[in-house]
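Report on the following structure.
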Amino acid sequence: MNIETARLNDGVDIPVYGFGTYQIPADGSAYRAVREALDLGIRHIDTAVAYFNEQEVGRAVRESGIPREEIFVTSKLWLQDYGREAARKGIETSLRKLGLDYVDLYLIHQPYGDVPGAWQAMEEAKADGKIRSIGVSNMTPAIWSAFVPQFDTMPSVNQVEFNPYFQQRELRAIMAKENVRLESWGPLAQGNKDLFSEPAIQRIAEAHGKNAAQVILRFECQEGAIIFPKSTNPERIKSNMDIFDFALTDEEMDAMRALDKGKGSHDPDAPGVAEFLISAFDVHAND
Ligand code: NAD
């Protein structure tokens with residue numbers, strides 16, 4: 001199956017559908033899940049230093065038998081590695097763990113601390129051919145306007161919570177001006193059953209002979225988001241990607257848009273978030 005690509009503002013092409021690996025442990029599960037996704041034709045894998053599974057993700061990519069240039073790999077720098085020097089080392093460590101010469105996309109995972117310093121290191125790694133495209137994550141409109149004007153290079157993407165319950169209208173308007181793509185995390189609202197049983201979604205699913213997850217993911221693609229839902233269940237990995245043979249009508253798109261609550265499960269602007277995250281995920285705990 002050939003999944004279409006989108007051209008980012010730096011000219012890099014990214015498959016619009018990928019596979020997320022958050023909370024898939026490095027006990028063989030991450031390796032198996034990524035191999036499964038690649039075997040099914042997915043060519044875009046999203047990992048992060050803070051997922052502690054880069055080694056297995058990289059090994060699955062390397063052992064898949066698929067030419068490296070056909071797989072789009074994303075990883076993300078974590079908070080302990082911000083500032084220019086720390087970020088330089090963090091990027092090297094990440095590449096070493098992945099066992100790859102370059103990553104396709106690298107993100108500033110959380111927008112706190114010395115983000116401009118970390119961004120400079122990302123720009124340098126891009127110039128050195130170690131990263132093809134650089135982006136950010138979890139930037140709200142307020143955080144975006146605090147940091148992005150300090151950058152020389154415009155981010156190619158902002159990876160944020162996005163699903164029918166949280167459609168990020170204000171942020172999308174800001175990003176659209178710079179041709180920055182939205183990558184959706186939590187495209188299935190992390191399995192929120194309320195969302196799956198929304199009458200509008202059930203109705204649309206029935207009309208197309210699809211399930212609720214497929215309708216949600218299809219909606220997001222039609223809205224222009226890049227998505228990479230997570231599952232470790234091979235049946236679900238397969239069915240989640242089966243969304244390229246139907247399209248929601250304008251009326252159905254409006255019904256999906258009407259589900260927006262304007263609020264997600266995570267508020268990056270809330271006080272104490274940075275402190276919480278840095279203590280919850282210590283990526284150097286085992287150094
Ligand atoms: P998701 O919305 O993809 O939901 C995953 C959960 O949905 C699974 O655990 C499973 O329980 C359920 N699910 C999957 N397929 C289903 C189906 N067909 N029917 C019913 N339930 C189903 O949530 P996510 O994993 O948090 O987000 C996707 C990816 O985004 C992550 O794996 C990760 O790569 C990335 N992410 C990034 C950030 C960030 O801060 N940048 C945060 C969270 C996630």
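Assorted remarks:
- Some residue of the range 83-94 being β-branched (V, I, T), open to solvent by 20 Å² or more (accessible area, probe 1.4 Å) and under 25 Å from V57 (Cβ atoms): yes
- Scanning the range 5-37 for residues that are part of a helix (DSSP H, G or I), more than 14 Å from the ligand (Cβ to nearest atom) and touching an Asp or Glu at 6+ places or on another chain (Cβ under 7 Å) returns a single hit, Y31.
- The set of residues from the range 38-57 being more than 22 Å from A6 (Cβ to Cβ), outside any helix (DSSP H, G or I) and open to solvent by less than 20 Å² (accessible area, probe 1.4 Å) comprises just one member, N53.
- Among (1) touching a strand residue (DSSP E or B) at 6+ places or on another chain (Cβ under 6 Å); (2) open to solvent by 50 Å² or more (accessible area, probe 1.4 Å) - the single one P199 does not satisfy: (1)
- Single residue of S145, S197, S133 found to be within 15 Å of the ligand (Cβ to nearest atom) and small (G, A, S): S197
- Subset of the range 179-194 [more than 11 Å from the chain's Cα centre (by Cα), near the ligand (Cβ under 9 Å from one of its atoms) and polar (S, T, N, Q)]: Q190, N192
- Residues located in the range 58-72, provided they are free of Cβ contacts under 8 Å to residues at least 40 places away in the same chain, assigned to a helix (DSSP H, G or I) and open to solvent by 10 Å² or more (accessible area, probe 1.4 Å): R62, E63, R68, E69, E70
- Scanning the range 207-234 for residues being modelled with pLDDT of 95 or more, open to solvent by 10 Å² or more (accessible area, probe 1.4 Å) and more than 10 Å from the ligand (Cβ to nearest atom) gives a total of 9.
- A48 under 13 Å from the mean Cα position of the chain (by Cα) and in contact (Cβ under 8 Å) with a residue 40 or more places away in the chain: yes
- Given (1) surrounded by 20 or more Cβ atoms within 10 Å (Cβ to Cβ); (2) without any contact (Cβ under 8 Å) to a residue 40 or more places away in the chain, index of the condition Y165 fails: (2)
- Every residue from the range 126-142 that is surrounded by 17 or more Cβ atoms within 10 Å (Cβ to Cβ) and either charged (D, E, K, R) or in a helix (DSSP H, G or I) (or both): K126, K130, R132
- Taking the range 38-49 as the range and being in contact with an Asp or Glu (Cβ under 9 Å, 6 or more places away or on another chain) and within 12 Å of the ligand (Cβ to nearest atom) as the test, the residues that pass are H44, D46, T47, A48, V49.
- Checked against the criterion of being surrounded by 19 or more Cβ atoms within 10 Å (Cβ to Cβ) and touching a residue at least 60 places away in the same chain (Cβ under 8 Å), the range 143-151 contains one or more residues that satisfy it.
- Scanning the range 115-124 for any residue that is among the acidic types (D, E) and either under 22 Å from S184 (Cβ atoms) or crowded, with 24+ Cβ neighbours inside 10 Å (or both) turns up nothing.
- Scan of the range 247-287 for residues that are small (G, A, S), within 18 Å of G224 (Cα to Cα) and free of Cβ contacts under 8 Å to residues at least 40 places away in the same chain, ordered by number: A247
- Restricting S75, S133, S137 to those that are under 20 Å from N158 (Cα atoms), in contact (Cβ under 8 Å) with a residue 24 or more places away in the chain, among the polar types (S, T, N, Q) and touching a His at 6+ places or on another chain (Cβ under 7 Å) reduces the list to S137.
- Any hit, the range 105-127, residues being free of Cβ contacts under 8 Å to residues at least 60 places away in the same chain, over 17 Å from N158 (Cα atoms), of a type in the set (V, I, T) and out of contact with any Gly (no Cβ under 8 Å at 6 or more places or on another chain): no
The values are calculated or read from the model by the stated rules, or taken from the named source; none is laboratory data. Everything numeric here is computed off the predicted structure, so don't read it as measured data. Note that we place each Cβ from the backbone using ideal geometry, even for glycine, and neighbour counts take in every protein chain shown. Accessible surface areas use protein heavy atoms only, side chains included; no ligands, DNA or RNA. Shrake-Rupley method; radii C 1.70, N 1.55, O 1.52, S 1.80 Å.
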